[in-house]
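Values in this text are rule-based calculations from the coordinates and carry no lab data. Quick caveat: nothing in here was measured; it's all calculated off a predicted structure. In this analysis, Cβ positions are derived from the backbone assuming ideal geometry, glycine residues included, and neighbour counts consider all displayed protein chains.
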Amino acid sequence: MKALAARRRHPAALIALLVVGLITVGGLFAVLSPMQRAQAGAPQVSAQDVEAGKKLFLANCATCHGANGQGTKTGPSLAGVGAASVDFQVGTGRMPLAAPGVQAQRTEPVYFNQTQIDQMAAYVTSLGPGPGIPDEKYASGQGGNIARGGEIFRVNCAMCHNFAGSGGALTRGKYAPPLKDIEGKHIYEAMVTGPQSMPVFNETNLDPEAKRDVIAYLHFLDKNENPGGHALGNFGPVGDGFFFWLIAIPVMLGAAVWLGKKAA
Amino acid sequence: MSTTAHGESAPVADRGPRPAPSPAAKKIGGVLGWFDDRTGLAKPVRYLMHKVFPDHWSFMLGEVAMYSMVVALLTGVFLTLWFIPSAGHVEYTGSYIGLNGIHMSEAYKSTLDISFDVKGGLLIRQIHHWSANFFIAAVGLHACRIFFTGAFRKPREINWVIGTILLLLACIEGFAGYSLPDDLLSGTGIRVMEGFVQSAPIIGSYLAYFIFDGAFPGEAIIPRLYIAHVLLVPAILVGLVAAHLVLVVVTKHTQYPGPGRTNENVVGFPVMPVYAAKAGGFFFIVFGIIALTSALVTINPVWMYGPYDPSLVTADSQPDWYMGFADGALRLLPGWLEFSALGYTLSLNLALGSIVLLPVAFGLMGAYPFLEAWVTGDKREHHLLDRPRNTPTRTAIGMAAITCYLVMFLAAGNDLMAIKMGLSINDITRVLQVLFFLGPIIAFIVTKRICLSLQRQDRELALHGRESGRIVATPDGRFYEAHEPIDKYTMWNLVDYDAPKPLELTSGEDARGVKSPTAKSEKRRAAWSRFYFSDRIPPVTPGEVAAAHHDGHGHEAIEGGHREAVGSGSHSAGH
């Protein structure tokens, strides 16, 4: 304590104080912010929820999906897509679509809170049954077999999403998005509903345990520090070559020019 | 080696009476004398130590290549101590939990063990891979330097051909290397290679069966690639590098033109002590940069790819960059090039980008010195380098070839360009397909025009000197900008070059009207000569300089010493 007091007028003290303050405030915001709050478990659905969901739907979705969710020329019918689809599309900010394009993109921030999303999901479920919100037990990926998940990932996902989930290109501007730092629930829902170009991996195709393992593997990749240094985005040899010719080779040439300039 | 050199260089360094050698030097001299008595090496070593090399940073590209190769050889030896070149089936139980319990080949498992369980193994693996990248890049850049400065001309054509073979072998060696770990990416690369082989008409499938000892993937390919990678190709590489270096010593190193540098001399410093120190230090710089890169940046994270399984593929399956042009060619070739005729399937979509592209590209590269010599009919020896601008057509051909290469190279990354730039992969491919044909033509024209403009500017500078920005009013009311003459060192660089005229076509028949048997070939040669040399900016002659100084532009500046400066500079242009 004495040492701390002695250094209180050190020029770096102000900066240190600022850093501590920013981390505290930022951390508190991150913990308390409504956007980050993950909802656990399948929500209880009531008639009020459906009613509230319908209101939200009419205000935000009906332009494209029709007043009764029956679909229009610009948007598909929502009967039977299920709560999982709504939770994924709205929860990742893909819907409501900002503008028509080749593919709906993940956007931040998400414009609805989880309660509103659940209400819309309840309304869409009332149009026709479909895949529900996944059980937190599987969607969290907790306790999954990482290595088995990796194998399942390489068999089913890597051809589009890349070996490390860095994403990949599809035809005509479509793409498989990167899978870094995605909530387990959304990964699960994407597998069950097959959004956009993605195929559906239903429960007989990949059982809930397999899906849990895939999520566990992806979360392992998120947390696992790359052992060999900077991973260059895990884009394979193209990333390596990009770094090599733009940074490593200029450094090497710079060394040659520098030494060449030195009078012998 | 260095102690030998000290002993050898002592007589040269000393001008006055030699001081008595110290006891230590006497001892060293005794040991060296013992060796010399038995090997007679003192004389050749002294010759090498006194060998003079010219100095320029671009001459160090070849050194980067050689040093990177040494680093790759050293680290490669380390890796062989642990790598198991076998397709034998094992279960992984090492420290990387992402693959715990997964079944894989011994080759892949041992690569993982090197990465995670051998001390320093991952760093050495990355040094090995990065140094191989530096090796191939440096060989390529070195080849560019040789090409654009005309260092491949007589008497160095053999060394150019050796260099071309080295570049090809380096690429093959790299491919064999990154194919060994048997991860998903390397297996995909081998699968593509199998496709290349199979695309050979008639013999393709037999050849593939021969290489893989049966159907793909089999168990034979990894041991076979291993022996190619650690013994066969490196032995040829090292042998050719040795021959390459011997030829550099025999033909002497080229030098850039400059005052005092002629076709008959080499201006520079002796190996001992200057180049021994400089090159020795540069080795450590190269090693240091490679080690730093390897410590900071991952290359080929095999643990991410998982074990190879012929039924799987991952997005971003690309070869290392040096094979990228071939992969790009495959991505550019349209699918309709595969068709069946007379009961045979001809996969031109594959064959054109591989078994045709590689021999044609490297064949043209190796043959270029001979093609150019045929066009120019030049049988002289050349030890002075060309400035690229002074050979506009050659420079333009080089840039066209590089453009062609770059288009294929970029095409190999079309999927990543699509995601990163938010474009459609189809559009990118289409654009690159067009650019493959159009790009080289544009590059040729643009480069040639730039070279000619630079030559005109040089000519202007040589004739009229530098614009001083000083406006002078004469008593009779005329205004002009004073031009300052350039010094003779600069002048030398501007005027000391050859600009051959296109060959004149003789009538092709003699006085009696008998056609010359070589008429056709001569006609072709004349056409090529026109292509090369019809746009020419001749170097400034002494007469032209004198005339320029009398035409009223520069007379005010040509006084006393300046006249001498310009005179001696332009004198050299005549030789």
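Across the options B:Val230, B:Ala170, B:Ser22, the greatest Cα extent toward the positive end of the charge dipole of the protein assembly as shown (unit charges at beta carbon of Lys, Arg, Asp, Glu) belongs to B:Ser22.
Could you tally the net charge around B:Phe152, taking each other residue with its Cβ under 11 Å from the Cβ of B:Phe152, Lys/Arg +1 and Asp/Glu -1?
Working: positive: B:Arg145, B:Arg153, B:Lys154, B:Arg156, B:Arg394; negative: B:Glu157, B:Glu372, B:Asp386.
After counting each charged neighbour, the total is +2.
Legend: P(r) of chain B from all alpha carbon pair distances, 10 Å bins from 0, whole percents, reading 3, 13, 19, 21, 18, 14, 8, 3, 1, 0. Between B:Glu381 and B:Ser340, the simple label model (points 7 Å from Cα in the Cβ direction) yields a spacing of 6.3 nm. The mean number of partner chain beta-carbon atoms within 10 angstrom of a residue's beta-carbon across peptide A:211-224 is 1.
What's the average, rounded to a whole number, of partner chain beta-carbon atoms within 10 Å of each residue's beta-carbon in A:169-178?
On the way: counts 13, 6, 4, 6, 9, 3, 7, 2, 1, 1.
That works out to 5 on average.
Note on the protein assembly as shown: Rg/Rh from C-alpha atoms, Kirkwood Rh, equals 1.06.
Place the peptides B:522-532, B:25-35 in order of packing, highest mean first, counting for every residue the other Cβ atoms within 10 Å and averaging per peptide. Write down the numbers at each step before the final one.
Values: B:522-532: 16.0, B:25-35: 13.0.
Those peptides, ordered most packed to least, come out B:522-532, B:25-35.
Other protein chain C-beta atoms within 10 Å of residue C-beta, averaged over B:133-146: 2. Taking amide H positions as modeled 1.01 Å from N, with prolines and chain starts lacking one, the residues under 5 Å from B:Leu346 and 5 or more places away or on another chain are B:Phe339, B:Ser340, B:Ala341. For the pair B:Leu207 and B:Ala511, the difference between a 0.36 nm per residue extended length and the Cα-Cα distance amounts to 103.6 nm.
Taking the Cα atoms of segment A:117-257, the ratio Rg/Rh between the radius of gyration and the Kirkwood radius comes to 1.11. Annotation for A:Asn68 and B:Val31: the two label points, set 7 Å from Cα along the Cα-Cβ direction, are 10.0 nm apart.
Applied to segment B:197-203, the Karplus parametrisation 6.51 cos²θ - 1.76 cosθ + 1.60 on θ = phi - 60° returns per-residue 3J(HN,Hα) values of 5, 5, 6, 5, x, 6, 7 Hz, with x for Gly and Pro.
Considering only B:Phe436, B:Asn100, A:Gln116, the residue lying farthest towards the positive end of the dipole of the protein assembly as shown is B:Phe436, judged by Cα position with unit charges set on Cβ. For chain B, a simple Cβ point-charge model (Lys and Arg +1, Asp and Glu -1, everything else neutral) yields a dipole of about 1320 debye relative to the Cα centre.
Under the convention that each Lys and Arg Cβ holds +1 and each Asp and Glu Cβ holds -1, the size of the dipole of segment A:182-223 around its Cα centre is about 100 debye.
Please state, as a whole number in µm²/s, the translational diffusion coefficient that the Stokes-Einstein equation yields for chain A at 10 °C and 1.306 mPa s, with Rh defined as the Kirkwood radius across alpha carbon pairs. Before the final figure, lay out each step's value.
Details: Rh = 21.8 Å.
D = 73 µm²/s.
A P(r) calculated from all alpha carbon pairs of segment B:52-385, with 20 Å bins opening at zero, reads 27, 52, 20, 1 percent. The slack in the chain from B:Leu73 to B:Leu245, taken as 0.36 nm per residue of separation less the alpha-carbon distance, amounts to 60.1 nm.
Between A:Val110 and A:Gln196, the C-beta separation translates, for a Förster distance of 22 Å, into a calculated FRET efficiency of about 0.80.
The order of the peptides A:78-88, B:308-318 by mean Cβ neighbours within 10 Å, most packed first, is A:78-88, B:308-318. Each 10 Å bin from zero holds the following percent of Cα-Cα pairs in segment A:42-133: 18, 56, 24, 1.
In segment B:437-510, Rg over Rh equals 1.22, where Rg is the alpha-carbon radius of gyration and Rh the Kirkwood radius from pairwise Cα distances.
Show me the ranking of peptides A:53-66, B:256-269 by mean Cβ neighbours inside 10 Å, starting with the highest.
Working: A:53-66: 18.0, B:256-269: 14.9.
The packing order, highest mean first, is A:53-66, B:256-269.
Each of B:Thr395, B:Val192, B:Ile124 was scored by the projection of its Cα onto the charge dipole of chain B, and the greatest displacement toward the positive side belongs to B:Thr395; charges sit on the C-beta of Lys, Arg, Asp and Glu.
Solvent-free Debye calculation, one equal scatterer per alpha-carbon of segment B:300-381: log10 I(q)/I(0) at 0.22 Å⁻¹ equals -1.08.
Each residue of segment B:45-56 is assigned a 3J(HN,Hα), and the resulting list reads 5, 4, 4, 5, 5, 8, 4, 9, 10, x, 10, 5 Hz, derived from the Karplus form 6.51 cos²θ - 1.76 cosθ + 1.60 (θ = phi - 60°), x at Gly and Pro.
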